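K.L.:
Mind having a look at this structure? Questions to follow.
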Amino acid sequence: AVKLMPDEHPDKPLLLANFGVCSARRYEILGDLADLESAISTMSRALELTPLGNPAVPERLSNLGNAFHARYKYSGKLQDLAHAVLALRREAQIASDDHPAKPIYLNNLANAFESQYARFDNLGDLESVISARRLAVELSPEGHPDKPTWLNNLGNALQSHYERLGDLTNLQGSVATHELAVDLT
């Protein structure tokens, strides 16, 4: 369907995006790097063909950023991590705070920043993790099924910050955040 449809067709970006997501899923299941390469290629093309104001842009950036992050985890190539952070930062900026997927987007961005922190040990990256995770929690409505997970992730980031700087405020925040995650579960 993707090959037969001209680029000018209004449904072409959607078909490309769907094909890219399917390729990424197959990579997750089978671990074949060719599937991840296909996902990145088709997701990039889908994004190129999607008008900037289209409401699908944040989701497409998210999928592309996650695919680059997956390839970084596979290969360790810094360029993939840079592309992941760029795409995920952009999607978090574009999506409004009332967008229902914004906490997911922020969590994905935090995951990429965590990889940067693990690689470079830059305190600014860890602080970006905390900031994104905190905002994800704040934007999650009460009763959201993923809120305990996001609280747990925030607690882990605060604990890492404590371990790095020894600030008891972060350790206390980590404990309180983990307690809340347990209470909500």
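K.L.:
Can you find a residue that is over 27 Å from Leu126 (Cβ atoms), at pLDDT 95 or above and more than 13 Å from the chain's Cα centre (by Cα) anywhere in the range 56-69?
P.N.:
Yes, the conditions are met somewhere in the range 56-69.
K.L.:
Quick check on the range 1-17: of everything there that is part of a helix (DSSP H, G or I) and not small (Gly, Ala, Ser), which residue is surrounded by the most Cβ atoms within 10 Å (Cβ to Cβ)?
P.N.:
Leu16
K.L.:
Continuing with this model, one more query. So, of the residues in the range 82-97 that are without any contact (Cβ under 8 Å) to a residue 40 or more places away in the chain and in a loop (DSSP other than H, G, I, E, B), which turns out to be farthest from Gly65 (Cα to Cα)?
P.N.:
Ser96
K.L.:
Does the range 18-35 hold any residues that are hydrophobic (A, V, I, L, M, F, W, C) and either under 24 Å from Pro51 (Cα atoms) or assigned to a loop (DSSP other than H, G, I, E, B) (or both), and which are they?
P.N.:
Result: Phe19, Val21, Cys22, Ala24.
K.L.:
Could you tell me which residue of the range 145-166 is most open to solvent (accessible area, probe 1.4 Å), considering only residues that are in a helix (DSSP H, G or I) and among the small types (Gly, Ala, Ser)?
P.N.:
Filtering first and then ranking leaves Ser160.
K.L.:
For the subset of the range 104-136 comprising residues that are open to solvent by 20 Å² or more (accessible area, probe 1.4 Å) and among the hydrophobic types (A, V, I, L, M, F, W, C), which member is farthest from Arg164 (Cα to Cα)?
P.N.:
Only one residue tops the list, namely Ile104.
K.L.:
In the range 100-135, which residues are of a type outside the set (A, V, I, L, M, F, W, C) and not in a helix (DSSP H, G or I)?
P.N.:
Of everything in the range 100-135, those that are of a type outside the set (A, V, I, L, M, F, W, C) and not in a helix (DSSP H, G or I) turn out to be Pro100, Asp121, Asn122.
K.L.:
Which residue, of Ala56, Ala67, is among the small types (Gly, Ala, Ser) and surrounded by fewer than 19 Cβ atoms within 10 Å (Cβ to Cβ)?
P.N.:
Every option except Ala56 fails the conditions.
K.L.:
Could you check Thr169 against (1) open to solvent by 50 Å² or more (accessible area, probe 1.4 Å); (2) part of a loop (DSSP other than H, G, I, E, B) and say which number it fails?
P.N.:
Among (1) open to solvent by 50 Å² or more (accessible area, probe 1.4 Å); (2) part of a loop (DSSP other than H, G, I, E, B), Thr169 violates only (2).
K.L.:
Here's another thing I want to ask about it. Among the residues of the range 63-70, are any part of a helix (DSSP H, G or I), more than 19 Å from Ala17 (Cα to Cα) and without any contact (Cβ under 8 Å) to a residue 40 or more places away in the chain?
P.N.:
Looking through the range 63-70, none of the residues is part of a helix (DSSP H, G or I), more than 19 Å from Ala17 (Cα to Cα) and without any contact (Cβ under 8 Å) to a residue 40 or more places away in the chain.
K.L.:
Continuing with the same structure: Restricting attention to the range 18-39, which residues are closer than 20 Å to Leu109 by Cα and open to solvent by 10 Å² or more (accessible area, probe 1.4 Å)?
P.N.:
Selection gives Val21, Ala24, Arg25, Glu28.
K.L.:
Let me ask something else. Please verify whether Ser128 is among the hydroxyl-bearing types (Ser, Thr, Tyr), over 29 Å from Gly53 (Cβ atoms) and at pLDDT 95 or above, treating the condition exactly as stated.
P.N.:
Here the answer is no, as Ser128 does not meet what is asked.
K.L.:
Let me ask something else. I'm told Glu142 meets every condition in (1) at pLDDT 95 or above; (2) open to solvent by 80 Å² or more (accessible area, probe 1.4 Å); (3) of a type outside the set (S, T, N, Q) except one. Can you identify the failing condition by its number?
P.N.:
Tallying (1) at pLDDT 95 or above; (2) open to solvent by 80 Å² or more (accessible area, probe 1.4 Å); (3) of a type outside the set (S, T, N, Q), Glu142 fails exactly one: (1).
The values are calculated or read from the model by the stated rules, or taken from the named source; none is laboratory data. Everything quoted here is computed from the prediction, not taken from an experiment. Ideal geometry is used to build each Cβ from the backbone, glycine not excepted, and the neighbour counts take in all protein chains shown. For the accessible areas, the whole protein counts, side chains as well, though only heavy atoms, and no ligand, DNA or RNA atoms are used. Shrake-Rupley method; radii C 1.70, N 1.55, O 1.52, S 1.80 Å.
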